[in-house]
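Values in this text are rule-based calculations from the coordinates and carry no lab data. Please read all numbers here as calculations on a predicted model, not as lab measurements. Here Cβ is always computed from backbone atoms with ideal geometry, including for glycine, and neighbour counts include all displayed protein chains.
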Amino acid sequence: MTNFYWIIAQHSGKVLEVEGASIFQPARIIQVTKKSEHDPIVDAQLWYFNGGFIANKRSGFMLDVAGGKYKYYLII
C-alpha cells in the first residue's frame, strides 16, 4: 500500500501542487492552500516516495530541479 503526503512549507503553511493539475511535461510546481481530501483534484497536491524520488499522485511526475543545477531561489 502506498502512503500519500502533502508537502507543507513551514514559512507559508501552503502545500506543493502540480500547477493546474497538469499531466503534461513540463509541469510547474507551485505553493497553494491545502485542498480538502474530498476535492476532485486533490491528487495534484499529494506526493509519495518512489525508489528514492518524490512523485506526484496524479501525474506520477518526480520532483526535480529545472536544468539540473542547484542555486538559490531555484525553480523545481
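The residues on offer are Ser22, Ser36, and the sole one that is hydroxyl-bearing (Ser, Thr, Tyr) and closer than 24 Å to Gly67 by Cβ is Ser22. Identify all residues within the range 40-65 that are within 12 Å of Ile7 (Cα to Cα), assigned to a strand (DSSP E or B) and under 9 Å from the mean Cα position of the chain (by Cα); write none if there are none. Hits for the range 40-65 are Leu46, Trp47, Ile54, Ala55, Asn56.
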